[in-house]
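The values are calculated or read from the model by the stated rules, or taken from the named source; none is laboratory data. For clarity, every value in this text was computed on a predicted model and none was experimentally measured. Glycine gets a Cβ as well: all are built from the backbone with ideal geometry, and neighbour counts include every protein chain shown. Side chains are part of the model used for accessible areas, which takes the heavy atoms of the whole protein and leaves out ligands, DNA and RNA. Shrake-Rupley method; radii C 1.70, N 1.55, O 1.52, S 1.80 Å.
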Amino acid sequence: MSNTGTLPRSVGIARDERSADIGRLLVSCLDGPGIVARISTFLHRHGANIIQSDQYSTGSVGGRFFLRVEFHLPNLASRLPELETVFGAEIGAELGGTFRFRDAAATTRVAVFVSRYDHCLLDLLWRARRGELRMDIVQVVSNHPDLADDVTSFGVPFEVIPVARQTKAEAEQRQLELLRDRVDLVVLARYMQILSGDFLDLIGVPVINIHHSFLPAFAGAGPYERAKERGVKLIGATAHYATEDLDEGPIIEQDVERVSHRASTSELMRRGADIERTVLARAVGWHCEDRVLVNGRTTVVF
């Protein structure tokens, strides 16, 4: 940090000594006997010590198997590329499916999309600055200029890209050019636009969205007003991976809170915003810690 006291051009945490030489291995494949034994034997043979392991199978016969392992390996950073190559040849090819190694000390480069609501955005910026989330927020993108001062006070670049129905394709192209090769994750922190299937395909990284959850569902404008009119007894929020189908992507995290007839519309909105930011922070944190594995339309969260 310079003597001027200005923040770097991203908000995130530095390498954590507690994560030094800690690696992660994620595996998703068809279930069968001996998978855990083969993987643990491989890690042991290469000098790794397993310190945490979680597994899940969708069925005892013909199910899909999911595994998340954390292990300690001296000089991990220099050995990880070779370890991944050898694992692919010796284990991965036989298992099929997918696998991924990662250094636990690595941070996730994140772009945040937002419109005018600031609660989720500012919460993520604050948590990242405090080191509560292992990520670097490298860019904020908005279709409105309203939050520019708030974002730049954190030292993060803020880009306004207006979006209209007639210019949506051009706006998304600008977004893609701005973020190309710079991010590992996009977070929609109350971004009041629907991303096209082309954008989701071309961005090449996962996209996490947050939205309110009501029973019954109130889509469109004024959901809290209509919730008050219907006398809802629960309000909540859902964080999920974005897909071309609006709000239909695999769910990562949800939460709810009971409310009563005494709550005003403004009180519902305030309490809903609290739930939205905590649910989104959990989902983003779990993703950055490699705890979320996608299984079709659902997720396994370790």
Residues of the range 278-293 being assigned to a helix (DSSP H, G or I), in contact with a strand residue (DSSP E or B) (Cβ under 8 Å, 6 or more places away or on another chain) and either over 16 Å from ASP123 (Cα atoms) or not polar (S, T, N, Q) (or both), in sequence order, are VAL279, LEU280, ARG282, ALA283, VAL284, TRP286, HIS287, CYS288
When restricted to ALA93, ALA128, the only residue assigned to a helix (DSSP H, G or I), within 24 Å of ARG270 (Cβ to Cβ) and among the small types (Gly, Ala, Ser) is ALA128
Exercise for review: Kindly establish whether ILE235 is within 23 Å of ALA263 (Cβ to Cβ), aliphatic (A, V, I, L, M) and either open to solvent by 40 Å² or more (accessible area, probe 1.4 Å) or in contact (Cβ under 8 Å) with a residue 60 or more places away in the chain (or both).
Suggested key: no
Of SER142, SER115, the only residue that is crowded, with 20+ Cβ neighbours inside 10 Å and either farther than 30 Å from PHE42 by Cβ or modelled with pLDDT of 95 or more (or both) is SER142
Note on the range 180-210: residues buried (at least 20 other Cβ atoms within 10 Å of the Cβ) and in a strand (DSSP E or B) are VAL186, VAL187, LEU188, VAL207, ILE208, ASN209, ILE210
Within the range 30-65, of all residues that are in a helix (DSSP H, G or I) and not β-branched (Val, Ile, Thr), the one surrounded by the most Cβ atoms within 10 Å (Cβ to Cβ) is LEU43
All-but-one check, ARG68 against (1) assigned to a helix (DSSP H, G or I); (2) in contact (Cβ under 8 Å) with a residue 24 or more places away in the chain, failing number (1)
